[in-house]
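Have a look at the structure below before the remarks.
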Amino acid sequence: MLPWHRSSQLALCSQEILHNQSYAHYGLQGWSQQLNQGKAIYGSGSQLTMSEKSWLERNHAKSVLMVPIWQGQRCWGHVDFQDCQTDRQWSTHEEAVLFTMAASLSRSLHRQQTDEMMRYRTTHDLLTTLPNRLFFDQELAAALKTSYQNQGTIAVLFLDLDGFKDINDSLGHAIGDLLLKAVAQRLQDHLEGDYCLARWGGDKFIFLLTQVQSNHAVEQFAGQCFDALQAPFSLAQMDLHISASVGISIHHARTNRSSLDSEVLIREADTALYYAKSQGRNRYQIYKSALVVKTPELLLLEQQLYHAVNNNELRLAYQPQVDLCTGALVGMEALVRWQHPKRGLISPGVFVPIAEESGLIVNIGEWVLREACRQNQQWQMMGLPPLRMGVNLSPQQFRQSRLVETIAQVLAKTDLSPQYLELEITESAVIEDIDFTQSLMRELNRLGIQLSIDDFGTGHSSLSRLQFLPLDTLKIDQSFVRDWSHNSKASHIIAAIVALGRSLGLTLIAEGVEQQEQLEFLRSIHCDYAQGFFFHRPLSADQFTLLLRRESRRLCPEKANSA
């Protein structure tokens, strides 16, 4: 090949940029076909078409030798020699040199693509294709540094889908994955402004807003998120309506000169998110120091609670219910306990709120239902007096789409007659959607199950709102019973509940009876049943077995004597 002269170098500098241009754009389809077949192109002399000659003229060349750069199963591009002075024939040696160069470029491109793919997989979520936690952490660290330099404001927003676990449990994880992908796409399509969106994990997404002008601007962005999710998602021939909760942490570098790392900002947004969910969901909350922050101890307990069911650490205790007129044993309430392998017995007041917040309460509730029914049937198989077993349903469990099916399966598997199961639902859960409650209770009632309103009087409802529900029992909240002796209003409330409940044909059970005076008062107003420490503390299964045997001897002394 002839050496380049100055004029040739100038010609080279003036060549058109061919990268990413179509061969067809220049009428070079023949060359494109040859390159895609892995063949070299000898562009010179009379063999050239008019388009090929025109291309050479525009590039100030007389002849060209091209070989393909092969990448995978296709031609990625080409590398060539161009002679700007002579219409010449190219040698096999020159072709070999070009093919060697092309092979080297191909290997370099493959390594580059492999590296890029690895970087992409390291920093992106494969399901939604959004950036992942690692990518977001890097962006947030850089944004914090810039905000200190410019004395600007940044914000972090956690967005968590409300009730996503219910969708996964009822419709399956495949539908759940489709929903997550659709949510990610919907957010990107509808949100405006300069932001970074990443998938944090599960159904939780996280935003980074830089150059924030005001708190109001951040609140408006949160509103955009709610608006984006308002329309239903059409998936698998069904429309899914979802909502979300948002937790916000805002950092003003101008007013807050102290150093703040990424973890603190994320933890604040997470705390605000949990608070938003606890206040009813489908809302946002900006972090402030007054919000309750999870301690490391509670975070550890939450992780350990995930394994409590599988590790057989949960226990049931049974609190007896007695007839206030006869003193006879009429039923029991199943109460869940956590026997921690290292910390011993953990109070329900500690772990139940954790379970409710994390969504574990549904799994725990189903375990309680199965175990309570199994134990009740076992007592009956032992020939002990059959009693009604009360089992609490959490609000989350009450709204499970497969609740009726789950209960029917448990009854069938344990062979327990439905009349010996009473489901206790809190008043606040019942009145949240009275139409839904009415429909669900009718389905449960058709199974033959007893239905009870737990903690009645604390949900600020009235019996007039509950009169159309197929209820069997009202349980008077223990706070009224406890306040009876020193609060005349509490005694009037209890008397009114009992009178109205009896007029509707409902059974009344008073909770938290601890004193003789409380017992006498409840008898005087004709309350039916009661439970509390005055009669019995919650008992283990073995302890309750002994109590049932004593009750059996009391009811049938002739059997006890013959035995």
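Against the numbered list (1) farther than 30 Å from Leu229 by Cβ; (2) in contact with a Pro (Cβ under 7 Å, 6 or more places away or on another chain); (3) not β-branched (Val, Ile, Thr), His124 comes up short only at (1). Among the residues of segment 393-424, those that are part of a loop (DSSP other than H, G, I, E, B), out of contact with any Asp or Glu (no Cβ under 9 Å at 6 or more places or on another chain) and either of a type outside the set (Ser, Thr, Tyr) or open to solvent by 50 Å² or more (accessible area, probe 1.4 Å) (or both) comprise Asp415, Leu416.
The condition of being hydroxyl-bearing (Ser, Thr, Tyr), buried (at least 20 other Cβ atoms within 10 Å of the Cβ) and closer than 22 Å to Leu178 by Cβ holds for only one of Ser245, Ser249, Ser234, that being Ser245. With respect to Leu98, is the statement that it is in contact with a strand residue (DSSP E or B) (Cβ under 7 Å, 6 or more places away or on another chain), part of a helix (DSSP H, G or I) and open to solvent by less than 80 Å² (accessible area, probe 1.4 Å) true? Taking the combined requirement at face value, the residue satisfies it. Candidates are the residues of segment 104-124 that are over 30 Å from Leu140 (Cα atoms) and open to solvent by 40 Å² or more (accessible area, probe 1.4 Å); the one that is nearest to the chain's Cα centre (by Cα) is His110. Summed over segment 238-250, residues that are modelled with pLDDT under 90 and either β-branched (Val, Ile, Thr) or closer than 13 Å to Ile154 by Cα (or both) total 0. Cβ separations smaller than 6 Å between residues 6+ apart or across chains give the following pairs from segment 432-446 residues that are touching a residue at least 24 places away in the same chain (Cβ under 8 Å) to residues that are assigned to a helix (DSSP H, G or I): Thr437/Val430; Glu443/Val404. Restricting segment 34-85 to residues that are in a helix (DSSP H, G or I) and open to solvent by less than 20 Å² (accessible area, probe 1.4 Å), the residue that is nearest to Met101 (Cα to Cα) is Leu35. Just one residue in the set Thr128, Thr114, Thr123 is on the phi < 0 side of the Ramachandran plot, in contact with a helix residue (DSSP H, G or I) (Cβ under 7 Å, 6 or more places away or on another chain) and at pLDDT below 90; that residue is Thr123.
Assigned to a helix (DSSP H, G or I) and within 30 Å of Asp203 (Cα to Cα): is that true of Glu116 in this structure? Against the criterion (assigned to a helix (DSSP H, G or I) and within 30 Å of Asp203 (Cα to Cα)), Glu116 qualifies.
If you take the residues in segment 297-328 that are outside any strand (DSSP E or B) and within 23 Å of Phe533 (Cβ to Cβ), which one is least open to solvent (accessible area, probe 1.4 Å)? Outline the logic, then answer.
First, the residues of segment 297-328 that are outside any strand (DSSP E or B): 297-313, 324-328.
This time we only want the ones that are within 23 Å of Phe533 (Cβ to Cβ), so: 324-328.
Values: Leu324: 3, Cys325: 119, Thr326: 95, Gly327: 47, Ala328: 18 Å².
Out of the qualifying residues, it is Leu324.
Residue under question is Gln89, and the condition is that it be open to solvent by less than 40 Å² (accessible area, probe 1.4 Å) and over 30 Å from Leu209 (Cβ atoms); does it hold? Judged against the criteria, Gln89 is not a match.
Give the residues of segment 125-138 that are acidic (Asp, Glu) and either more than 24 Å from the chain's Cα centre (by Cα) or outside any loop (DSSP other than H, G, I, E, B) (or both), sorted by residue number. I'd like the intermediate steps shown before the answer.
Going through segment 125-138, the residues acidic (Asp, Glu) turn out to be 125, 137.
Answer for segment 125-138, where residues must be acidic (Asp, Glu) and either more than 24 Å from the chain's Cα centre (by Cα) or outside any loop (DSSP other than H, G, I, E, B) (or both): just Asp137.
Given Gly331, Gly390, Gly383, which one is part of a loop (DSSP other than H, G, I, E, B) and touching a residue at least 12 places away in the same chain (Cβ under 8 Å)? Only one candidate qualifies: Gly383. The helices (runs of 4 or more DSSP H) falling completely within segment 139-242 that include 3 or more residues that are under 23 Å from Ile286 (Cα atoms) map to 173-190, 215-228.
The values are calculated or read from the model by the stated rules, or taken from the named source; none is laboratory data. Keep in mind that this is a model prediction, so the values were computed, not measured. All Cβ positions, even for glycine, are placed from backbone atoms using ideal geometry, and neighbour counts span all protein chains on display. The accessibility values were calculated without ligands, DNA or RNA, using every heavy atom of the protein model including side chains. Shrake-Rupley method; radii C 1.70, N 1.55, O 1.52, S 1.80 Å.
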